[in-house]
Amino acid sequence: MILEPLVLLFIVWHIRKNLRLLSPNTLWDKYLLWAMIGITILFIVEKTLPITMVTNWIWHVLILGVGYLIFRLPVLERMRTTLIAVLPLIIINIIEDLVEIIYLPLYETIENYLDFAFVFALTWMIAMLIRSNKQNKALKTERKKTLAEEERNKFISAQKEKLEVIVAERTAEITKQKDELMHAFTELKNTQSRLIQSEKMASLGELTAGIAHEIQNPLNFVNNFSEVNKELLSEMEEEIENGNLEEVKALAKDIIGNEDKIMLHGKRADNIVKGMLQHSRSSTGKKELTDINALADEYLRLAYHGLRAKDKSFNATLITDFDAALKTVTLVPQDMGRVILNLLTNAFYAVQKKTTEQIEGFEPTVGISTKKNKNTVLITVTDNGNGMPKAVKEKIFQPFFSTKPTGEGTGLGLSMSYDIIKAHGGEIEVTSEESTGTTFIIQLPDAIPNH
Amino acid sequence: MKILVVDDEQDVKVLFQQRFRKEIKKEELDFVFAFSGEEALKKMASMEQEAVLILSDINMPGMSGLELLKKIKENYVAPPPVVMMVTAYGDEENRSTAKELGADDFLTKPLDFNELKSKLKDIV
């Protein structure tokens, strides 16, 4: 029988191959090689010498031993199919040999059956090998598929990782941008409040000289009338000594009159200081009953003297027309004062600019008037300056728009005024004619009218 | 002698009347008041032939003290009235302009009435 040594060789070769894959360079590798060589030598010896009877049994024992190993060791699991394929043939072979040794006559009687069984076993073996081959092929394609799948999964996860990195980068970028925007936004808000404050301070600067003038005058009166009263009082003492009662009475009347003047001018200075403080302070936003006529008059003087302090040659006619029916209006005095001041400063600027053109017969005139209507209060500021073209008129309430040279105006005056008037539920209108003049009309609701 | 005081502050009138009450009583000085440059010119026109001393503030709305000074010095050729200008403290610019325009004397705010009195007595 040629089958057994070949099967043995194949199995040993296979075991060796598998072992090598698991752990190369073991002693077993060598032993198995020797086993293969041994099998080959034994096979050659068997074919040259008449010892088939002995070798046949060696083959049987070897193959049964290997078969046992194959069924016991999980490492050799893949060899099972091959073993099952050849097993019937081997068993028949062993039975044949056994019967031949034990009882030869029986061998002769069952020879035909054995031949038949041999053919069957052969067919079995071929079918099993074909099947195994097919299975192997299927397994291979399956493995290929799995490998491809794994490859694809690897690729996908690599892509995913890449994508995740990109997403993380983008997220960081966006977060950074968001932070930057937030930062810029806060910066802008800060700048805005700083600008509002600096606009206030700028207008306060314009006012300083006017304020000094306006405080100096009442203080002079206070000092002068005090001195006069001192004189009058010593005169009064003399008259008392003389017993001139009529003269004493006349002096007392004068002194009282002067004291009134002192108080009046003291209050005037007081009001100016208060107004100045109010102007420089952040608005409380609180609406108060305000004497709008007094407020307008005060800012007219401050604005006028402020400008005069800067340009001594400048002069203008001031026309005031305050409606006596208008007593108090509910508004935020600091804010509305700022609006009036801004309009007046602009008016003075306009007439001053026109003065420099030296037009014959031009009399710079600025007017402010108040008027009480049924449900509204009007505050009008006029000037006879050069007016403005339509294009300028359309933009004057926009923030940062200014016709003044750089550095002279913040461009916030009128836009702030507009916001303040809107916050009071009012309207501001402007009419302007080029080379004739400009008029601003503020209309405020008279919600809580005369007190 | 008439003295025309020009100032936009109404209470200047009362103050002068009180400060010079003795002189007024004794009729040594005769004060006339104007509250603007324009009014001053009108008043001057109505008292043409009298000897006039003008005491004017510079800082006034409408016609300023400087303009008034210019007009007086231009219009009154023979003998032009004495014009004293009242300037704010430290206002050198107005002072020199007034001098160029022919101001006769200067007083500084706040007014020193004793100084003014002695100056007036010298002129009278």
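Each value in this text was obtained by applying a stated rule to the coordinates, not by laboratory testing. In this text, all values refer to a predicted model and were calculated from it rather than measured experimentally. Cβ sites come from the backbone with ideal geometry, for glycine too, and all protein chains shown count toward neighbours.
Normalised by the empirical 2.2 N^0.38 Å for globular proteins, what value does the Cα Rg of chain A take? Please list the in-between numbers first.
On the way: Rg = 59.6 Å, N = 451, 2.2 N^0.38 = 22.4 Å.
Relative to the 2.2 N^0.38 Å estimate, chain A comes out at 2.66.
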### Residues in the stretch A:141-155 reached by a label modelled at residue A:81 [backbone nitrogen below 13 Å; 7 Å Cα→Cβ]
A:141-143
### Query
What FRET efficiency would be calculated for the residue pair residue A:423, residue A:146, taking the C-beta separation as r and a Förster radius of 51 Å, to the nearest 0.05?
0.10
### Query
Using only helices, what value at 222 nm comes out for chain B when you add -39,500 (n - 2.57) per DSSP H run of length 4 or more and divide by the total residues, to the nearest 500 deg cm²/dmol?
-12500 deg cm²/dmol
#### Entry: Among A:228, A:252, A:215 the positive-end extreme of the charge dipole of the stretch A:208-252 (Cβ point charges)
A:215
### Message
With n ≥ 4 as the cut-off for DSSP H runs, can you work out [θ] at 222 nm for chain A, using -39500 (n - 2.57) per run divided by the number of residues, rounded to the nearest 500?
### Response
-25500 deg cm²/dmol
### Query
How high is the relative contact order of chain A, in percent, with contacts defined as C-alpha pairs under 8 Å that are six or more residues apart?
10 percent
### Query
Kirkwood hydrodynamic radius (Cα pairs, Å) of the stretch A:67-176?
19.0 Å
### Query
So how compact is the stretch B:2-119: Cα radius of gyration and Dmax in angstrom?
13.4, 38
### Message
Just to be sure I follow: if Rg is taken over the C-alpha atoms of the stretch B:56-124 and Rh is the Kirkwood radius over the same atoms, what is Rg/Rh?
### Response
0.97
### Query
Counting pairs of Cα atoms in the stretch A:117-197, how many percent are more than 20 Å apart?
70 percent
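Residues of A:300-306, mean number of Cβ from any other protein chain within 10 Å of their own Cβ, rounded to a whole number?
Values: counts 1, 1, 0, 0, 2, 2, 0.
Mean partner shielding for this stretch: 1.
If each residue of separation counts as 0.36 nm, what is the full-extension length gain between residue A:71 and residue A:136 once their alpha-carbon separation is subtracted? All intermediate terms of the calculation are to be shown ahead of the outcome.
Values: separation 65, 0.36 × 65 = 23.40 nm, distance 1.92 nm.
My answer for the length gained is 21.5 nm.
How would the stretch A:3-156 be classified by its alpha-carbon gyration tensor: rounded, prolate or oblate, with rounded meaning a/c under 1.5 and the a/b versus b/c comparison settling the rest?
Working: a/c = 3.26, a/b = 1.66, b/c = 1.96.
In terms of gyration-tensor shape, oblate.
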### Query
What whole number of Å gives the distance from the Cα centroid of the stretch A:85-121 to the Cα centroid of the stretch A:179-250?
140 Å
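Could you order peptides B:53-63, A:88-98 by the average number of other Cβ atoms within 10 Å of their residues, highest first? Walk me through the numbers on the way to the answer.
Working: B:53-63: 23.1, A:88-98: 17.8.
Ranked by mean Cβ neighbours within 10 Å, highest first: B:53-63, A:88-98.
Just the C-alpha atoms of the stretch B:1-62: what Rg/Rh do they give, with Rh taken as the Kirkwood radius?
Details: Rg = 11.6 Å, Rh = 12.0 Å.
My calculation of the ratio gives 0.97.
Just tell me how shielded B:8-15 is by partners: mean number of partner chain Cβ atoms within 10 Å of each residue's Cβ, no decimals. Kindly include the intermediate steps, with their values, before the conclusion.
Numbers: counts 2, 5, 0, 10, 4, 0, 8, 8.
Whole-number average of other-chain Cβ neighbours for B:8-15 is 5.
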### Query
In percent, how large is the relative contact order of the stretch A:1-145, given Cα pairs closer than 8 Å and 6 or more residues apart?
22 percent
### Gap separating the Cα centres of the stretch A:371-439 and the stretch B:1-66, nearest whole Å
40 Å
### Task
May I ask you to list, by number, the DSSP H helices of chain A whose Cα span along the axis is at least 18 Å and whose average Kyte-Doolittle hydropathy reaches 1.6 or more?
A:80-102
### Rg in Å to one decimal, and Dmax rounded to a whole Å, for the stretch A:284-451 via C-alpha atoms
15.7, 48
